[in-house]
1. Taking residue 194 and the conditions (1) part of a loop (DSSP other than H, G, I, E, B); (2) more than 20 Å from residue 294 (Cα to Cα), which numbered condition does it fall short on, given that it satisfies the others?
2. So, of the residues in segment 123-147 that are in contact with a helix residue (DSSP H, G or I) (Cβ under 8 Å, 6 or more places away or on another chain) and not in a helix (DSSP H, G or I), which turns out to be surrounded by the fewest Cβ atoms within 10 Å (Cβ to Cβ)?
3. Scan (1) in contact (Cβ under 8 Å) with a residue 12 or more places away in the chain; (2) closer than 18 Å to residue 21 by Cβ; (3) outside the structural domain of residue 84 (by TED's automatic domain parsing) for the single condition residue 135 breaks and write down its number.
4. Test residue 162 against the criterion of being outside any helix (DSSP H, G or I), farther than 23 Å from residue 101 by Cβ and without any contact (Cβ under 8 Å) to a residue 40 or more places away in the chain, and give yes or no.
5. Can you pull out every residue in segment 6-46 that is surrounded by 19 or more Cβ atoms within 10 Å (Cβ to Cβ), within 12 Å of residue 77 (Cα to Cα) and in contact with a helix residue (DSSP H, G or I) (Cβ under 9 Å, 6 or more places away or on another chain)?
6. Restricting to segment 165-180, name every residue that is in a helix (DSSP H, G or I) and over 19 Å from residue 15 (Cβ atoms).
7. Pick from segment 253-270 the residues that are assigned to a strand (DSSP E or B) and in contact with a helix residue (DSSP H, G or I) (Cβ under 6 Å, 6 or more places away or on another chain): which of them is farthest from residue 137 (Cα to Cα)?
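The values are calculated or read from the model by the stated rules, or taken from the named source; none is laboratory data. Given the structure is predicted, the values throughout are model-derived calculations rather than measurements. Methodologically, a virtual Cβ is constructed for each residue, glycine included, from the backbone with ideal geometry; neighbour enumeration extends over all protein chains shown.
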């Protein structure tokens, strides 16, 4: 008798591509496994015309999927890790993370102009406060316009509006095989990525032994430890989508190097720093960086919600 696995995901093209990437990987270990994909609409999908900072609560792109997990209607949830809140329900856990794809942000400009070539007053569309405040520090003369929608929707809006360029995730663009549209790649030294950017996470119930068995051997340990540091940094600051916060960690030999940023929504207050520590203690490294920024004034900034 063939075993069956129910997989939950959002319905965007990118989400489905990521889900099939995961399924292809588990089929290498369990070729006889029958998989069933269940598409679940989230709050973030329902309110496409509302900025994320205006939606109450957390988990805009994950809560409804997690509800299906908790009810037993699906066995595994496929998420972009950057969408997953740092505080999970006590009955849920991240069963595995796939190896991280390129984490950088990229510029797609209408006339293939580089970032420095965009004229003063040019309009850039982005759904991310994190991207907005970092870009404005480099080019305060640019006009940043809130832009919601999935990746393909944002690209369509670029070419059918007065927007001059958009900034999106490199991993997302490459998974959709649209890398030919990329005008420029922002290194993490220039624009720090979102926590967990470029990582596909597989979430399961703690008591689902079958799901744990399926995910055994699939987890990327290097990616796991890096994002544990990043998520510990975010958790320590107590931030979410309403605050411009970013962090990117890399493992070099036996150490984790992490760089992070937190700012006010208008970019007037901006804190950025880095640190390193033993890779075996990723949460300690992430917390250490958060405490450095807190000592510089970041906690007061977040509590004021400037």
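1. Every condition holds for residue 194 apart from (2).
2. 139
3. For residue 135, the exception is condition (2).
4. yes
5. Answer for segment 6-46, where residues must be surrounded by 19 or more Cβ atoms within 10 Å (Cβ to Cβ), within 12 Å of residue 77 (Cα to Cα) and in contact with a helix residue (DSSP H, G or I) (Cβ under 9 Å, 6 or more places away or on another chain): 7, 8, 9, 10, 18, 40.
6. 180
7. 256
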